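The values are calculated or read from the model by the stated rules, or taken from the named source; none is laboratory data. All values derive from a computational prediction rather than experimental measurement. Positions of Cβ are backbone-derived with ideal geometry, glycine not excepted, and every protein chain shown enters the neighbour counts.
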Amino acid sequence: MKPVRLIRGFLTVGFWTLMSRVLGFAREILILAYIGPGSALDAFVAAFRLPNMFRRFFAEGAFNAAFVPMFSKKYEAGEDAQAFGRDAFNLLACAVLALTALAMIFMPALVWATAEGFYGDERFDLTIGFGRIVFPYIFFMSLAALFSGVLNATGRFAAAAAAPVLLNVLVVPALIVGAAIGGDVVMWLVWTIPVAGVAQLVLVWVAAARAGISIRPGLPRLTPDTRRMVRIAVPAALASGVMQINLVVGQIVASATPGAVSWLFAADRLYQLPLGVVGIAVGIVLLPDLSRRLKAGDDDGARHAFSRAGEFALFLTIPCAVAFLVIPLPLVSVLFERGATSADDSAAIAVAVAIYGLGLPAFVLQKLLQPLYFAREDTRRPFHFALWSMVVNAGLAFGLSPFLSWMAPAIAASVSAWVMVAQLGLGARRYGSVARFDDRLRTRIWRICLCSGIMAAALWGATLILSPWLGMPGWRYGALLALISIGAAVYFLFAHITRAFRFSDLRSAARRGG
């Protein structure tokens, strides 16, 4: 079997995702400082969610589930993977181009359907205008997702993982320049997004060509392979659509409270840091590796890969979730509270961060469990699970909103994520031992939880000591860095003492190509 270096892949994707998220923090800090929670930011968030929603529906959802396993298996077997990639590219380009045209025409209806609470005030017209500028981003990003899948399937993760960094590389200076010359900062932000989409597509297209997979545009054609891909992709797209409906439900509920869409957006950016660095990295690397191991009949290797991915994910995710529960306000106030963002905004964002923290392990576990199905080209059952998750999300979001207002969507998202994980875990039992954690991981999970609990106590005590400096403009960055460093030091120290995780495992995995 052609080797995929699993741990190296996690670290490569995780590093570039971390870079993207760090620059993303800089972007959100500038957005909240220059624009701030209010009508303009609410409109931008709602507008930018539209291409992102359909991108996950068409590209990251359907194509990661259908295209990547099929391409990986063809590449493993030495079949004509390049021809399949070309046909998939042309089919996707045609579909997304048609979607973009329809969205530009029916943008008012899209805005009304996804942010009903905006209707009747200035946010509605703002969102329509912003939406028509940013929506073409989906065309470039959907095609970039296909090339990223090609690179991941061949074991080349760096370029695909680095591409999202370009969005923030371009947006951050655009915000600074817009503010420096006294321009309309939100318009600088909006117009930079489609430009970033072009840059990302060019990067991964060139990288794929250098990897030996040269794909050129042409007329779409339905071959037996592309028909099969569509049959697999449709349930996956529907499942992704269900997950996007969950986001829209949350936005509809939040749009009734001025500023709430912005608060949830800022909280989402914070918890997306560990989710992106850990969960998405694991999912991206694990899917092609499992697909190729199953094609080669390596069940033992598939179980080892699944368990090591789980170990890597839980070791980093559980302490992050605990930190979001223990110190959400220091994190939010230091990172976001400046300019147009007030202390009241920080308090609201911190509440949402703590709620999302409860669901963070579930969001990551979904990324770990879904490849068990997608590697077998099984997309129907995840779709059925997603439907039940959608029912739970909608019921809680609308049912709790009269009592908890804008907090209801965050609670609903976290609870429905755990419902989805329970269904994925129970449903995967049919795959036998491949879908079960090995003894090593089962003995380490409780140690990881113990170390996270000790870290929580250390964070709580350190917050009490550092609280005067956390509120001082000249000292708060250093105080937050000290707080995070204390928590990390305590966690890693006790992880070493209890053997919750051993870094020698990383070295041995790297030596054997794991």
Residues (in contact with a Ser or Thr (Cβ under 8 Å, 6 or more places away or on another chain) and surrounded by 24 or more Cβ atoms within 10 Å (Cβ to Cβ)) located in the stretch 140-163: Ala153, Phe157, Ala160, Ala161, Ala163
The stretch 337-349, residues that are over 20 Å from Gln251 (Cβ atoms) and not polar (S, T, N, Q): Glu337, Arg338, Gly339, Ala340, Ala343, Asp344, Ala347
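Go through the stretch 102-124 and count every residue that is assigned to a helix (DSSP H, G or I) and under 24 Å from Pro409 (Cβ atoms).
Pass one, the stretch 102-124, residues assigned to a helix (DSSP H, G or I): 102-105, 107-114, 116-118, 122-124.
From the residues that got through so far, the ones that are under 24 Å from Pro409 (Cβ atoms) too are 103, 107-114, 116-118, 122-124.
Residues in the stretch 102-124 being assigned to a helix (DSSP H, G or I) and under 24 Å from Pro409 (Cβ atoms): 15 in total.
Residue by residue, here is whether (1) farther than 30 Å from Ile448 by Cβ; (2) among the basic types (Lys, Arg); (3) in contact with a helix residue (DSSP H, G or I) (Cβ under 7 Å, 6 or more places away or on another chain) holds:
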| site | (1), (2), (3) |
| --- | --- |
| Leu372 | no, no, yes |
| Asp378 | no, no, no |
| Ala386 | no, no, yes |
| Met390 | yes, no, yes |
| Ala397 | yes, no, yes |
| Phe403 | yes, no, no |
| Ser416 | no, no, yes |
| Ala422 | no, no, no |
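Quick grid of which residues meet (1) within 25 Å of Ile232 (Cα to Cα); (2) without any contact (Cβ under 8 Å) to a residue 60 or more places away in the chain; (3) among the hydroxyl-bearing types (Ser, Thr, Tyr); (4) part of a helix (DSSP H, G or I):
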| residue | (1), (2), (3), (4) |
| --- | --- |
| Leu360 | no, no, no, yes |
| Leu368 | yes, no, no, yes |
| Ser389 | yes, no, yes, yes |
| Ala394 | no, no, no, yes |
| Leu404 | no, yes, no, yes |
| Met407 | no, yes, no, yes |
| Ile445 | no, no, no, yes |
| Gly461 | no, yes, no, yes |
| Pro468 | no, yes, no, yes |
Residue, modelled with the lowest pLDDT, within the stretch 247-266, restricted to residues that are surrounded by fewer than 23 Cβ atoms within 10 Å (Cβ to Cβ) and either in contact with a strand residue (DSSP E or B) (Cβ under 7 Å, 6 or more places away or on another chain) or not small (Gly, Ala, Ser) (or both): Leu247
From Ala199, Ala208, residue being more than 29 Å from Ala43 (Cβ to Cβ) and assigned to a helix (DSSP H, G or I): Ala208
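In the stretch 401-437, which residue that is aromatic (Phe, Trp, Tyr) and closer than 15 Å to Tyr356 by Cα is surrounded by the most Cβ atoms within 10 Å (Cβ to Cβ)?
The initial filter retains those residues of the stretch 401-437 that are aromatic (Phe, Trp, Tyr), namely 403, 406, 418, 431, 437.
From what's left, closer than 15 Å to Tyr356 by Cα: 406, 418.
Details: Trp406: 22, Trp418: 18.
Residue satisfying both the conditions and the ranking: Trp406.
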Cβ pairs under 7 Å, 6+ apart, first in the stretch 50-79 and surrounded by fewer than 24 Cβ atoms within 10 Å (Cβ to Cβ) and at pLDDT below 75, second of a type in the set (D, E, K, R) and part of a helix (DSSP H, G or I): Glu76/Arg292; Glu76/Lys295; Ala77/Lys295
Residue list for the stretch 379-400, filter: surrounded by 19 or more Cβ atoms within 10 Å (Cβ to Cβ) and more than 29 Å from Thr257 (Cα to Cα): Thr379, Pro382, Phe383, Phe385
Leading residue by the ranking (modelled with the lowest pLDDT) among those in the stretch 80-116 that are of a type in the set (S, T, N, Q) and either surrounded by fewer than 19 Cβ atoms within 10 Å (Cβ to Cβ) or more than 30 Å from Trp406 (Cβ to Cβ) (or both): Gln82
